[in-house]
Every structure is written in C-alpha cells, then in structure tokens.
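One structure is given here, and the rest of the page talks about it.
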Amino acid sequence: MRVDLVEVIPLSIPLKDPFETSFGRFAKREVLLVRVVGDGTETYSECPVFGPFYSYETPTTARHVILDYIVPSILGRDLKGPDDFQRAVVPIKGHPMAKAAVEMALWDLWAREKEKPLYRLLGGEAPRVPAGISLGITGSVEELFDRVQRAVEEGYRRVKIKVRPGKCLGVVDAVRERFPELPLMVDANAGFGPEQISELASLDRFGLLMIEQPFPADDFLSHAELQRRIVTPICLDEGVGCAAHVRLAARLGSARIVNIKPPRVGGLGPALEVYRACREERLGTWVGSMLETDLGRAYLLAFAALDHGFVPDLFPTEAYQVAGLLRTPIEMDRDGYLRLPSGPGIGAEVDPRAVERYRV
Ligand code: MG
C-alpha cells in the first residue's frame with residue numbers, strides 16, 4: 001500500500017438544529033476532510049476536531065500535524081497495512097485525531113484492496129448495529145421532552161442527554177418522570193469539578209445506564225470516589241486515550257464502562273487495543289461519536305459491528321445533518337438499527353458535489 005497524495009479540505013456543514021454541550025454550542029459542524037490517494041485508489045476520511053474545547057486539538061493544529069509531520073513520514077513508502085502507519089507515526093507525540101484521520105483512510109484503502117467490508121476486517125460480525133441518539137442541552141425542559149419524545153417515536157434504542165452542573169438534577173428528574181422506562185444515560189463532557197460530587201451522586205436514584213465523563217479527563221481519582229458512592233456505572237470518554245488509561249481506570253475503580261471513539265485514541269488500530277484492554281479488564285464498551293458527518297460515522301459504524309454490549313452513539317444521516325457527504329445516506333430501520341453496507345471498505349462513496357458545496 002503506497003500513499004501518493006494526502007489532501008486536507010476544511011468543510012463547514014450546517015446542522016438542522018444547534019447542538020449544545022457543557023463545552024459549547026454549535027450551529028454548524030466544521031471538520032477536516034482528508035483525501036488520500038494510494039495505489040491508484042482514492043479514499044476519504046474525516047478529522048472531527050472541535051476547537052480546543054473537547055481536547056487540545058483544533059482544525060489548525062490537525063491540519064499542521066497531518067501535512068507537516070504525518071504525511072512526510074508515510075508519503076511514497078510501501079506500507080504493509082495500517083499497523084505500519086502506526087509504527088511510522090510513533091515519534092509524533094499526541095495529536096490522536098490528526099493521526100486517526102489518515103489512519104482510518106488507510107484502513108478503507110486496505111479493505112478495498114482486499115475487497116472486504118471494513119467491519120469484517122476489524123473483526124465485526126453483526127450486519128447491523130443498534131442506534132442511540134445524543135441530545136444536546138436545550139433551552140427548556142419542554143424542548144427536551146419534545147426531542148426525547150421524537151427519539152422514542154423514531155425508534156432509537158437508547159437516549160443520551162448532555163448535562164452541566166447546576167441544572168443537571170432537575171433535568172434528569174423531569175425526563176425520568178416523563179419517560180420512566182426509557183434506556184437513558186447522561187454525558188457531562190468533563191464539566192463537573194470534585195466539589196460537585198454530591199450533585200452527581202444524587203443521580204443514582206434515576207436508574208441511568210451510565211454517567212459519562214463527569215470530571216476532567218485526567219481526574220481518575222474523583223471518578224473512582226464517585227464510583228465508590230454510586231451503583232450507576234461511570235463511563236469514561238475524554239479520560240481514555242490509550243489502553244494504559246483503561247488499565248489505570250480498572251485498577252483505581254474509576255469506571256465500569258468505556259466509550260471508545262477511534263478519533264480520540266489515534267485511529268482504528270489503537271481503538272482495537274483499547275477494546276481488547278477493556279475486555280481483559282472486564283469493562284463494558286460502546287462506540288461514541290463526535291457529531292461527525294455521515295462519512296466519519298461510516299467508519300464508526302464499522303467499528304461498532306464488534307460485540308460491544310452497549311448501544312453506540314450512532315444515528316442516521318438525517319438526524320443532525322441538512323445533507324450528507326455520502327452518495328448513500330446512513331438510514332435507520334423502524335426497529336432502531338443501522339445496517340452495515342456490504343461493499344468493500346466503508347461500503348460507501350463520497351459525493352464530490354457535496355464536498356464542493358461545503359468546502360470552506
Ligand atoms: Mg462523551
């Protein structure tokens with residue numbers, strides 16, 4: 001597998017509704033599209049960086065690291081596979097989303113060369129995965145009720161709501177009362193401090209599937225303290241960057257579940273390492289998303305076909321995007337499942353007209 005060209009294309013894609021988390025409000029999604037040409041085949045992937053709000057990477061740093069460091073270490077070289085890519089970028093410290101964007105494109109290229117669906121190459125077997133929706137923070141509880149109601153009617157297998165300190169208890173209480181049987185979880189995006197541990201502990205009575213990343217990424221001890229006080233499992237997202245973090249969390253008792261996002265950990269290869277570490281440490285897993293476009297989500301879908309146990313944050317193209325980048329949109333059936341395409345690689349093609357429409 002020889003990489004002959006890598007191009008980084010900034011895109012700005014309008015969202016149907018603004019999406020709000022504890023770290024910001026987004027009316028459009030700005031991502032980097034990465035185009036890789038190798039062995040005469042063209043493939044695309046996506047770098048779903050936010051500003052420096054989710055992690056330290058930004059569109060500018062990702063573009064810089066890809067073009068000035070990652071590309072020179074692989075261009076024109078004969079790579080045996082995605083593992084070879086990981087070895088080539090070991091000297092580049094950090095910047096997992098920049099690395100992942102190129103690495104995932106190479107997985108697609110590799111799978112296309114082998115004429116196999118990517119999900120099969122990753123070890124997945126299920127031809128479909130359940131869909132879970134992530135709902136942003138809303139202006140009022142009534143607005144949130146409407147969104148949850150719509151998600152239930154559309155058939156989603158579970159609902160996640162974003163929360164922040166102060167309002168969290170009232171919001172969860174209200175949603176739980178209105179939807180007593182709903183598979184429900186919350187995500188705080190590292191918005192709480194250790195001094196707010198009591199507010200989080202009070203969530204224990206609502207029968208949530210899990211509480212995702214309440215404290216900052218490196219605060220394993222506060223997570224362990226909270227987990228000791230509650231029955232609801234804690235799930236780490238921002239806090240897990242590699243398999244070593246999984247082992248640390250397991251030893252300290254910081255979490256029982258890990259949200260695996262391939263872009264957060266440096267690509268699909270590192271995501272498989274995190275997955276295996278979770279299995280060894282008996283931590284549950286599921287696949288999270290970063291409000292990627294349908295292109296980025298096609299890669300996540302392939303990774304979600306592994307046996308994870310919990311419903312991923314994966315939804316159809318139409319959930320948030322005004323229009324997709326892929327020729328064939330990701331669709332959800334009435335049972336709340338997303339079907340994996342059977343073609344080679346991610347099994348979907350990027351529409352060049354959509355790229356032109358959203359190019360910055
Ligand atoms: Mg999260």
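By the helix-only formula, in which each DSSP H run with n ≥ 4 contributes -39500 (n - 2.57) and the sum is divided by residues, the chain has a 222 nm mean residue ellipticity of -10000 deg cm²/dmol.
Applying the criteria of a DSSP loop state and at most 12 other Cβ atoms within 10 Å to the chymotrypsin sites (Phe, Trp or Tyr not before Pro) of region 1-102 yields Tyr56.
Per residue, the convex hull around the alpha carbon atoms of region 218-359 comes to 130 Å³. Over all Cα atoms in region 193-298, the spread is summed up by Rg and Dmax: 13.7, 40 Å. When DSSP beta bridges are restricted to pairs lying wholly in the chain, around 60% turn out antiparallel.
Separation of region 1-33 and region 284-360, taken as the distance between their Cα centroids, equals 14 angstrom. In this structure, the amide hydrogen of Phe310, modeled 1.01 Å from its nitrogen in the peptide plane, lies closer than 5 angstrom to those of Thr285, counting only residues at least 5 positions away or on a different chain.
For region 313-357, the gyration tensor built on C-alpha atoms gives an oblate shape. Its axis ratio a/c (a ≥ b ≥ c) is at least 1.5, and a/b is not larger than b/c. Seen against the Cα atoms of the chain and their longest principal axis, helix 96-113 is set at about 60 degrees.
Distances between placed amide hydrogens fall under 5 Å for Ser289 paired with Asp313, all partners being 5 or more residues away or on another chain. Within the chain, what is the longest stretch that has no trypsin sites (Lys or Arg not before Pro) placed in a DSSP loop and near at most 11 other beta-carbon atoms within 10 Å? Counting at most 11 other Cβ atoms within 10 Å as exposed, the longest clean stretch of the chain is 94-281. Computed from backbone phi, the HN-Hα couplings of region 81-86 come to x, x, 4, 4, 4, 4 Hz, rounded to whole numbers (Karplus: 6.51 cos²θ - 1.76 cosθ + 1.60, θ = phi - 60°; Gly and Pro given as x).
Computed from backbone phi, the HN-Hα couplings of region 124-141 come to x, 10, 5, x, 8, 10, x, 9, x, 10, 10, 9, x, 5, 10, x, 9, 5 Hz, rounded to whole numbers (Karplus: 6.51 cos²θ - 1.76 cosθ + 1.60, θ = phi - 60°; Gly and Pro given as x).
Shape summary: region 72-201 maps onto an equivalent ellipsoid whose semi-axes, from the alpha-carbon gyration tensor, are 41, 22, 11 Å in decreasing order. Seen from every direction in turn and averaged, the convex hull around the alpha carbons of the chain projects onto 16.2 nm². Axis angle, to the nearest 10 degrees, between helix 243-252 and the longest C-alpha principal axis of the chain: 20 degrees.
Residues Ser134, Ser222 in ascending order of nearby Cβ atoms (within 10 Å, fewest first): Ser222, Ser134. Compactness ratio for region 1-112: Cα radius of gyration over 2.2 N^0.38 Å (N = residue count) comes to 1.11. Residues whose amide H falls under 5 Å from that of Ile346, counting only those 5 or more places apart or on a different chain, are Leu118, with hydrogens built in the peptide plane. Between the Cα long axis of helix 268-280 and the first principal axis of the chain there is an angle of about 40°, rounded to the nearest 10. Restricting attention to the chain, lysine pairs at least eight places apart or on different chains and with alpha-carbon atoms under 22 angstrom apart total 13.
None of the figures in this text is laboratory data; all of them are computed from the coordinates on show. Fair warning: this is a prediction, and the values are worked out from it, not measured in the lab. Neighbour counts run over all protein chains shown; Cβ positions are idealised from the backbone, glycine included.
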